[in-house]
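Working notes for the structure below.
Read the figures in this text as sums done on the coordinates, not as results from a lab. Keep in mind that this is a model prediction, so the values were computed, not measured. Don't worry about glycine lacking a Cβ; one is built from the backbone with ideal geometry, like all the others, and counts go over all protein chains shown.
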Amino acid sequence: MSRVTVEDAGGDTIWQIEHDGNSYPNFPHIDSITNIHNLPIRDDDIFICAYPKSGTHWIWEVARLLVTGQTIQDSVEKGVGMLEYMPQEEVTSLPSPRVLNTHFKLKLLPVDILKKRCKILYLIRNPKDVVVSYYNYMRGLPHYKYTGRWENYMQYFMLGKFSYGSWFDYVLEFEDMKRTYPDLPVLTLHYEDLKEDPLREIRKVNEFLETGRSAEFLLEAIELASFDNMKQKKSQRVTYRKGEVGDWKNWFTVAQNEWFDQLYRDKMADSDIKVRFTLT
């Protein structure tokens, strides 16, 4: 375990934590990363798993409202249930049922998640918007200490050189884990589908979690968890930038887009995963 700096293509550095061959954000609580596999798991724990910048805050907020049955706006952030960020004693002290979240790969999490067949909400977002969102996120948070330029960041990020590694590795490994553990209750959600028809997708979450909330409740929860509402009410404003589908078009040059499209074809050639890069 060590705190290191990693250079982008232009020589600007990003602070990260390296542990067992994996890279993570420069979070303050190193023990939360090194001991994540020792976290006691409860039968009724609900996990939100996603690569960073894929809508975790959104679905965490929705799930929390569904589980509690209370449509109350507060300033609580999903960080309170983020496994690799919060001290384990604080995660352990959360009341059941806990709505937890992580960007760790599934195989690195406590094995009791698999043994107890905990419910998992799994989020996928198209990687072009992910990289744009993550770039702005890294530049906005002090623990990264990053001031680099977009053109020096994008390719290195897609090749997996920064926090949490490659998007491709994450989603492909998750699909493999679902095949390996076919009885694991996983609901796969796509960010683009959520943006297109939030009521349709939140109904799926309501059914999956067996929370039994009414249509009226779902509509109120959708409003409370909307991007604009959370950006206004929550404290960490840097987390909520745009939340759009297709913002990558404002960032990718023609050459960058061609490079990415070829990389995507190569990496995803044998995968059945379908993502939408725009909404039409």
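In percent, rounded to a whole number, the relative contact order of the chain is 24, using alpha-carbon pairs under 8 Å and six or more apart. Working value for the range 1-130: equivalent-ellipsoid semi-axes of 26, 18, 14 Å, each the square root of 5 times a Cα gyration tensor eigenvalue, largest first. Average 1/r across all pairs of distinct alpha carbons in the chain, invert it, and you get the Kirkwood radius: 19.4 Å.
Counting 0.36 nm for each residue step from Glu89 to Arg203 and taking away their Cα separation leaves a gain of 37.7 nm. Rg and Dmax, both from the Cα atoms of the range 121-280 and both in Å, are 17.3, 49.
Please arrange Glu201, Glu244, Glu61 by how many other C-beta atoms lie within 10 Å of their C-beta, fewest to most. Let's see the in-between values first.
Numbers: Glu201 20, Glu244 15, Glu61 23.
In order of increasing Cβ crowding within 10 Å: Glu244, Glu201, Glu61.
Label the range 160-219 by shape, choosing from rounded, prolate and oblate, from the square roots a ≥ b ≥ c of the eigenvalues of the Cα gyration tensor; if a/c is under 1.5 it is rounded, and otherwise prolate applies when a/b is larger than b/c, oblate when it is not. Each step should come with its number before you reach the end.
Numbers: a/c = 3.32, a/b = 1.70, b/c = 1.95.
Judged from the Cα gyration tensor, the range 160-219 comes out oblate (a/c at least 1.5, b/c at or above a/b).
Sorting check: for 214-224, 164-174, which peptide has the highest mean count of neighbouring beta carbons within 10 Å, and how do the rest follow? Write down the numbers at each step before the final one.
Working: 214-224: 15.3, 164-174: 19.5.
The most tightly packed comes first, giving 164-174, 214-224.
Cβ crowding within 10 Å ranks Ser163, Ser54 as Ser163, Ser54, fewest other Cβ atoms first.
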